[in-house]
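Notes for the one structure printed next.
Every number in this text was worked out from the coordinates using simple rules, so none of it is lab data. Computed from a predicted structure; not experimentally measured. Cβ placement follows ideal geometry from the backbone for every residue including glycine, while neighbour counts extend to all protein chains displayed.
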There are 2 protein chains.
Amino acid sequence: MARLQNRASEGRRRASHSMESVLTEAVALLDEAGEPALTFRALAQRLGGGVASIYWYVANKEELLDRATDHVIGSVLADVEALPARDDPIDALRAMAMTLFYAIVERPWLGSYFMRSSTVQGNSLRLYERLGEQTLRLDLSARQRFHAVSAVVGVVVGSAVDLGQEPPQEVLDGAVSREEFLSRYAQRWREMDPADFPFVHDIVDEFDGHDDIEQFCAALELTLAGLRLQSGT
Amino acid sequence: MARLQNRASEGRRRASHSMESVLTEAVALLDEAGEPALTFRALAQRLGGGVASIYWYVANKEELLDRATDHVIGSVLADVEALPARDDPIDALRAMAMTLFYAIVERPWLGSYFMRSSTVQGNSLRLYERLGEQTLRLDLSARQRFHAVSAVVGVVVGSAVDLGQEPPQEVLDGAVSREEFLSRYAQRWREMDPADFPFVHDIVDEFDGHDDIEQFCAALELTLAGLRLQSGT
DNA sequence: ACCTGAACACCGTTCAAGT
DNA sequence: ACCTGAACACCGTTCAAGT
């Protein structure tokens, strides 16, 4: 449906791309303004060619997104594989999950795509494997291992989705900072009746100006603590 | 930007809607075929009117999705509030999280929307409050409580996103059952080199035909175990 | 093998006008 | 206060044709 090619460009009159350049530019568009920015027309313009030529590399937009995602997951995988070895598999799991999460912080659009099942192959699968290998060092059943890795990935995705949807365009425009945005919500919360919303009032100061990474780490820690307990380490 | 109305319909020649009917039909479309099915034209047709009239109730598609989501979260909230009281707050948290997850299993499109920040008000906020109130009964700091609820919500969302993206249309069409679909992946996994993918081979039988609910429960259990440990209960 | 322009069907949104 | 038809700009995708 789509083939790889990468031959050196000889004298050409027409535009000439490559899978590499298509994906690189696609990722650039995603980085700039998320999925809505990735259109075939915008991409064609960046590549200096016509819209239809992209369809030689990719069957449709879904495949374009899958390949773009897999492309950047490739570098996440490299980062994960470059991590120093750990005696404790749970420490290793933590480091890997954090590497993945950091990558999503830098590319919020990644959050919604990196584990869609069409992508459960290529680099995503390799990443899944690397996480899973750590659980092989724990005293668990295969089912427990399967669930453990799903849980860790779930924590990453769960936190990441939040992240990907947070900025409501005024923040992206830079018109409003993230802090202001959070504070605005916090302010509304403070104005509600404390009798009806005791918990919201209890944590509103924590919500106001909170750090997403810290929030993610706390969630990850709970899961890893549960896992440690289960593995009897 | 959009106002509520619900007056009884008198003799009318033109179509006449209500916020209620707009949201009900919007949800029906989402239930039938997910977000792509929810278009202003499809919705107008179901309501028996013109496209533009919907814009009297809703400023744009984002608001339509937010309101539709909040609408169904309303019934989830009712279910959660109808849950029997529990001595153990962590048991209560589990029951609530499962209620929410079950609702998403029935409406996979819910997963991606129910916690986007534009929705952090209305019924979503009430649901968040109900979850949080359970943590008020635990011996934790405000920050720990904030993180605990985020973690629980994260587990739900993390598992739900998976769910929402799983069926790749052939499953939705009913042409391929979920089991077949999973088995197809499993088969590809089994064909890979065990030396390169020891973990994948270790868990492939668990993956094949796995139950999403069980997977979610396992992830939730790990988080709750961590929380229990933290609260010293 | 790879690229192009033009077309098609469909989408969200707007607006001046109706009742 | 609420609905309408017609238009606009934009989208993914296709296709017959070019090189």
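Here are some notes:
- Using a Gaussian network model of chain B in which every pair of alpha carbons under 10 angstrom is joined by a spring, one finds that among B:L163, B:L131, B:L83 the greatest mean-square fluctuation is at B:L83.
- Estimated from helices alone, the mean residue ellipticity of chain A at 222 nm is -20500 deg cm²/dmol (sum of -39500 (n - 2.57) over DSSP H runs with n ≥ 4, per residue).
- Alpha-carbon Debye profile of the protein assembly as shown, log10 I(q)/I(0) at 0.12, 0.13, 0.14 Å⁻¹: -1.16, -1.34, -1.51
- Pairwise FRET efficiency - A:A52 versus A:T233, Cβ, R0 = 51 Å, nearest 0.05: 0.35
- Partner shielding of B:109-116 amounts to 2, given as the average count of beta-carbon atoms from other chains within 10 Å of each residue beta-carbon.
- Applying the Karplus relation 6.51 cos²θ - 1.76 cosθ + 1.60 with θ = phi - 60° to the stretch B:205-212 yields 3J(HN,Hα) values of 5, 6, 5, 4, x, 5, 9, 4 Hz, where x marks Gly and Pro.
- Against chain B, whose longest principal axis comes from its Cα atoms, helix B:61-81 is set at around 60 degrees.
- Cβ neighbours within 10 Å from other chains - mean over B:213-219: 5
- Innermost chain B residue relative to the axis carrying B onto A, by Cβ distance in angstrom: B:G158, 2
- Computed from the C-alpha gyration tensor, the three semi-axes of the ellipsoid equivalent to chain B are 36, 28, 13 Å, from longest to shortest.
- Averaged over peptide A:195-203, the number of partner chain Cβ atoms lying within 10 Å of each residue's Cβ comes to 6.
- Label spacing, shortest first and in nm, from A:L136 to its equivalents in the remaining copies (7 angstrom along Cα→Cβ): 4.9
- Using a 7 Å Cα-to-Cβ projection, B:D193 label spacings across copies, nm, ascending: 6.7
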